[in-house]
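In what follows, a single structure is set out as structure tokens and then discussed.
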Amino acid sequence: MTELAQITESLLKAVDEVNQGLPANKRVPREQHAVLFGMHAEVDSLVLINLVIVAERTIESDFGRTISLADERALLEEKSPFRSISSMADYVAKLLREESN
Amino acid sequence: MVLITGARKGIGKCLVEHYGAKGFDVIGCSRQPAAFEGIQYEHFCVDIANESAVQQMFSEIRKKHGPLAILLNNAGIASTNHVLLTPLQAVQNLMNTNVVGNFLLCREAAKIMARQKYGRIVNFASIATPLRLEGEAIYAASKAAVISLTQVMAREFACFNITVNAVGPTPIQTDFIKDVPESKIKKILERQAIPRLGEFADILNVVDFFIRPESSFITGQTIFLGGVS
């Protein structure tokens, strides 16, 4: 499994954890390209905040590394890393790569 | 488990001893090392204004300890000076510790508390803000920021079942006021409804109240001691 696939798995674990406490109509779609942030977001902002918090922890426990997803760069990026699980995975991979160097 | 900042001395030390004696698993932090005997205690040497150091501390807390139920954000520094004689560096240092540090601790603690759907955060304000004490402009402003943070965070964290409140102590006999002239302390006390120095017990009473499970409907509040409002 590639690192990106492992990261995606870890993020989907976070999705599952967040969904546990939510009614069916509020759940985060368990789909890599579902829109999570912006005009056509399929989840409300509070759910997304929760997902980011939980994702930081699942990444920490799966990769043994502490990252902060909501850092300045994430907020400044032209395309938000939070717009989908797929873009979040790319951003996590970038953070992990930078931390290794 | 309870996390207490500024744990080495003064009010922080008193909080550690109080909650340690009550059987809490206590974690403390300060810039300098500290040790307490006879209680379940672990100390972290951390500059709370340093984001990566704070994140590292929370990472270790998550790995080694159980759920974090309570954060007592006591760490703070004071600076007494006329505005016209206050160097920018002193302002930045004070704001970094009292405001940025407070914010970072709340943010990282709330990430843990949000996941467990329970938390109590108590920040430390000061009567310097409502009394608008001359010579304490920057300190009073930093504590005004703490009160605002408390009020807004109370609203943002309510959905996670986290309460955020603040206690505003009067002067009490600690190192914090050791360099303040007696005449100035006397003047401050005269402006309180109850004109005496505070005791540690006065602060513990308010903190005990805020962190009780029964206080789940109380958030965004600042209680000033000594009848100051």
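Bear in mind these aren't lab numbers, they're just calculated from the coordinates by the rules spelled out. What you are looking at is a predicted structure, and each value in this text was computed from that prediction instead of being measured. Backbone-built Cβ (ideal geometry, glycine too); neighbour counts: all protein chains shown.
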Exercise for review: Within segment A:26-40, find all residues whose amide N lies under 15 Å from a label point positioned 7 Å from the Cα of A:Leu46 along Cα-to-beta-carbon.
Suggested key: A:26-28
**Study point:** Selection from A:Val52, A:Thr2, B:Asn161 lying farthest towards where the dipole of the protein assembly as shown points positive, charges on Cβ
**Key:** B:Asn161
Revision key, fill the gap. Exposure-ranked with fewest Cβ neighbours within 10 Å first, B:Met1, B:Met153 stand as B:Met1, B:Met153
Practice item. Tell me the label-point distance for the pair A:Glu77, B:Asn161, using the 7 Å Cα-to-Cβ offset, in nm and rounded to one decimal. Key: 3.3 nm
Review point. Along the positive direction of the dipole of segment B:2-224 (beta-carbon charges: Lys, Arg +1; Asp, Glu -1; about the Cα centre), which of B:Ala114, B:Pro33, B:Asn73 reaches farthest?
Key: B:Ala114
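B:His82 to B:Thr174: FRET efficiency via 1/(1 + (r/R0)^6), r the Cβ-Cβ distance, R0 30 Å, to the nearest 0.05?
Working: r = 23 Å, r/R0 = 0.78.
For B:His82 and B:Thr174, the calculated efficiency is 0.80.
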Review point. Dipole size in debye (nearest 20) for the protein assembly as shown around its Cα centre, Lys and Arg Cβ +1, Asp and Glu Cβ -1?
Key: 620 debye
Check your understanding: Of B:Ile188, B:Cys14, A:Leu69, whose Cα points farthest to the positive end of the dipole of the protein assembly as shown (charges on the beta-carbon: +1 Lys, Arg; -1 Asp, Glu; origin at the Cα centre)?
Key -> B:Ile188
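In whole percent, what relative contact order does chain B give with Cα contacts below 8 Å and a gap of six or more residues?
On the way: 427 pairs, mean separation 41.6, N = 229.
Relative contact order, chain B: 18 percent.
Using a simple charge model, +1 on the beta-carbon of Lys and Arg, -1 on the beta-carbon of Asp and Glu, nothing else, what dipole does chain A show about its Cα centre, in debye to the nearest 20?
So the dipole magnitude of chain A works out to roughly 200 debye.
Restricting to DSSP H runs of at least four residues, report the calculated mean residue ellipticity at 222 nm for the protein assembly as shown, -39500 (n - 2.57) per run over all residues, nearest 500 deg cm²/dmol.
Numbers: 11 runs with 149 residues, N = 330.
Helix-only estimate at 222 nm: -14500 deg cm²/dmol.
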Point to revise | Low-density loop cleavage sites - trypsin sites (Lys or Arg not before Pro) in segment B:128-207, where at most 14 other Cβ are within 10 Å (DSSP) | key: B:Arg132, B:Lys178, B:Arg196
Review point. In what order do B:Ser216, B:Ser126, A:Ser86 fall by count of nearby beta-carbon atoms within 10 Å, going from fewest to most?
Key: B:Ser216, A:Ser86, B:Ser126
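When the Kirkwood hydrodynamic radius is evaluated over all pairs of different C-alpha atoms of the protein assembly as shown, what value in angstrom, to one decimal, is obtained? Intermediate values should be presented prior to the final figure.
Working: mean 1/r = 0.0469 Å⁻¹.
Final number for the Kirkwood radius of the protein assembly as shown is 21.3 Å.
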Check your understanding: Using the beta-carbon distance between A:Asp90 and B:Phe217 and R0 = 25 Å, what value does 1/(1 + (r/R0)^6) give for FRET efficiency, to the nearest 0.05?
Key -> 0.05
Practice item. Determine the alpha carbon to alpha carbon distance for each of B:Lys111/B:Lys143; A:Lys94/B:Lys111; A:Lys13/B:Lys143 and list only those over 29 Å. Key: A:Lys13/B:Lys143
Point to revise | trypsin sites (Lys or Arg not before Pro) restricted to DSSP loop in segment B:39-128 with at most 15 other C-beta within 10 Å | key: B:Lys117
Review point. Is segment A:43-97 rounded, prolate or oblate when judged by the Cα gyration tensor, a ≥ b ≥ c being the square roots of its eigenvalues, rounded requiring a/c under 1.5 and prolate requiring a/b larger than b/c?
Key: oblate
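So if I place +1 on the C-beta of Lys and Arg and -1 on the C-beta of Asp and Glu, and nothing else carries charge, what would the dipole magnitude of segment B:36-126 be about its Cα centre? I want it in debye, nearest 20. Mind dumping the intermediate values first?
Numbers: 8 positive and 6 negative charges, 99 e Å.
Computed about the Cα centre, the dipole is about 480 debye.
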**Study point:** DSSP-assigned coil residues among trypsin sites (Lys or Arg not before Pro) in segment A:37-75, each with at most 15 further Cβ atoms within 10 Å
**Key:** A:Arg65
